[in-house]
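Since every read-out is calculated from the coordinates, none of them should be taken as a lab result. Quantities reported herein were computed from a predicted structural model and do not represent experimental measurements. In this analysis, Cβ positions are derived from the backbone assuming ideal geometry, glycine residues included, and neighbour counts consider all displayed protein chains.
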Amino acid sequence: MFSGKQSLSDRLVIMGEPIAQGFAVGRILHFQDILTRESTKRDLNAGQVEGELSRLKKAIDKAHIDLGDLKSKVTYEIDAKHAAIFSAHQLILKDIELFNDIENGLRQKLLNVEQIVQEVFGCWERKVRCADTEDFHERANDVIDVGKRLLKALAGDVKEFNMTDLLTDGVIFAKILLPSDTASLNIKNIKAIVTIEGTQNSHSAILARALDIPFVSKIDGDISAFPHGTRVIVDGKIGTIIINPWETEIETYTRLIQRRLTERRKVVRRACDVLLEINAKRIKVAANVSSCNDIKMAKIYGADAIGLYRTGPLYMDSPNLPTEAYLFDHLTRSLELVRDQDINLRLLDMGGDKRLPFLGAVECVNPALGLNGIRLLLKYPHLLEVQLRVFLRLSATFKVKISVPMVTLPKDMIDVRRYLLKEKEKLIREKIPFNEGIQMGAMIETPSALMLFDELLELSDFFNIGTNDMVQYVMAAGREDIDVVDYYKAGNPIILKALKEVIRKSEERGKEISICGELAGNLDFTKALLDIGLRNFSVQPAFIPYVKNKIFGFLKDSKVHG
Ligand code: PEP
Ligand code: MG
């Protein structure tokens, strides 16, 4: 651990938990979001204050108008209850006390307005958090949200300043990396991620593995003291960080990186050529994707299909509710790359830990047990109708099927099918083409779906098992909670037993069943999964060659009990 006695230029080794494999040699980039990051400080002279105040007024007006647009849209598309949060944000923005605080700060400190806005919002947030009221936490988050919006408006609506554009060999150092944070990173330039908090199953861990970026978490030490640009080595295999490494170490790791790249190319080439079969039944290794870029990777790595298309990012990256045209255009552009393949589009899986920016803060007593997946869509049917319509329209051109997330009761499937029928009827009336026989399947992610599987068999054309969620609900252990990782073990015998049962039943009925949770890409369990009858794997694109080669190895040695 960095003790303060050492110099910041001394070599230092820090241990952590390996989350995503691989090695990196790069430079530290401390990650902070727009509200807390150090922004460019400019000194003003007294004559420049009015100019800064006028920038502030314009930014407040701009942010106010944006919030108004958001409010009308959400009122129309969802309901007035969810739109109310934006009225509250407008009130904070136009609070005269807030304006006075910023103006006073400007006059006293003679610094650019961004600096003062950061300070004043930080101070307001602290005040609200200290207030002894029941809803203080929620209100502090509202203050943060408004502060971010104002800073973005001050930045002239340019895309949020992207720190990762600064270095081409950046190693992100952060306390925690949330899914919304990763959206603002220029992934191309990131060599590795290092965090203090984060688990194997967190969304950022999944993202890192998908992008083949080494990731070490739970590190034992204070990393904030090291300046941006400090040389660093990350070993995602054993979970070590070497700060200010020796030249010889840099040379060794550079060689390791090269060797890994060469091996990877070989593995990919081999995997793309191999055909996997057990008793004349094809074993498929499909890709989990959530963007056009993922689909490109899926092609490179030889995916047999798109086993899970997570549509959440299309919504999370958009400040407003995405329209039918927006969704259709974006998805069409992505799917063009896999015209000849089966594509499993998942209906929006939001709620819980995955929030929609335009829904504001949905109050939820227990996020993991609240309005998640299909429940949210059935509660706000407009969201569901638009997606079903888009997916149906896509089915005229692409081989798409529809997956329903977080099914708990057969009624969920019955209800969603009713909406599907209604959308089909509308398209027929409008003479818009679609595939009449489009398949719809339930995701098996809850204990209830496991227990009611016989009934779901009647209502689903196929199944995807989402082990990431299934494990958290079966084991009552949060997927992102470090304290309960010992309970959250995807490959434990209870889970495998449950999986075996549903795979058998589904196969007997001739209905395709796949696993698309992280377990499917865990090479330690490939053999166990084959043994319980799994024939359809859906994994991060970068894992496809490894899973295929592993399966190939078992088949060659006739080790699978098919
Ligand atoms: C799962 O739960 O296993 C799954 C694939 O869904 P997600 O990880 O997107 O919740
Ligand atoms: Mg899930």
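Arrange the peptides 450-458, 538-546 so that the one whose residues have, on average, the most other Cβ atoms within 10 Å appears first.
On the way: 450-458: 16.0, 538-546: 25.0.
Packing order, densest peptide first, comes out as 538-546, 450-458.
Treating the angle as unsigned and between 0 and 90°, give the value, to the nearest 10°, between the Cα long axis of helix 381-395 and the longest Cα principal axis of the chain.
50
Taking region 244-337, which GluC sites (Glu not before Pro) meet the DSSP loop condition and have no more than 15 other C-beta atoms within 10 Å? If you can, show how the numbers build up before the last one.
On the way: sites: Glu247, Glu249, Glu251, Glu263, Glu277, Glu324, Glu336; in loops: none.
Loop-located and lightly packed - none at all.
Using the 2.2 N^0.38 Å rule of thumb for compact globular proteins, work out how the chain stacks up: its C-alpha Rg over that value, please.
On the way: Rg = 25.3 Å, N = 562, 2.2 N^0.38 = 24.4 Å.
So the Cα radius of gyration is 1.04 times the expected 2.2 N^0.38 Å.
Note down the nm distance, to one decimal, between modelled labels 7 Å out along Cα→Cβ at Arg259 and at Asp524.
It works out to 2.3 nm between the two label points.
Starting from the 7 Å offset along Cα-to-Cβ, what nm value, one decimal, do you get for the label separation of Arg42 and Arg270?
Calculated label separation equals 5.8 nm.
Taking 0.36 nm per residue of separation and subtracting the Cα-Cα distance, what length does fully extending Ile65 through Phe99 add?
Working: separation 34, 0.36 × 34 = 12.24 nm, distance 1.71 nm.
That pair, Ile65 and Phe99, stretches by 10.5 nm at full extension.
Most exposed first by the Cβ proxy, i.e. fewest other Cβ within 10 Å, how do Ile402, Ile144 rank?
On the way: Ile402 22, Ile144 18.
Arranged by neighbour count, lowest to highest, Ile402, Ile144 become Ile144, Ile402.
So how do Leu110, Leu388 line up by other beta-carbon neighbours within 10 Å, fewest first? Kindly include the intermediate steps, with their values, before the conclusion.
On the way: Leu110 16, Leu388 25.
Ascending number of Cβ neighbours within 10 Å: Leu110, Leu388.
Using Cα atoms only, what is the angle between the long axis of helix 493-508 and the major principal axis of the chain, expressed in degrees (0 to 90) to the nearest 10?
50
Check Ile278: other-chain or 5+ apart residues with amide H under 5 Å from its amide H, H built from backbone geometry?
Ile283
In what order do Thr230, Thr248 fall by count of nearby beta-carbon atoms within 10 Å, going from fewest to most?
Thr248, Thr230
Under a point spin-label approximation (7 Å from Cα along Cα-to-Cβ), what is the Lys556-His228 distance to one decimal in nm?
4.9
Looking only at the chain, where both bridge partners belong to it, what percent of the DSSP beta bridges are antiparallel (to the nearest 5)?
Counting only bridges with both partners in the chain, antiparallel ones make up about 35 percent.
Which value does Rg/Rh take for region 386-491 over its C-alpha atoms, Rh per Kirkwood? Don't skip to the end; give the middle numbers.
Numbers: Rg = 16.6 Å, Rh = 15.2 Å.
Value, to two decimals: 1.10.
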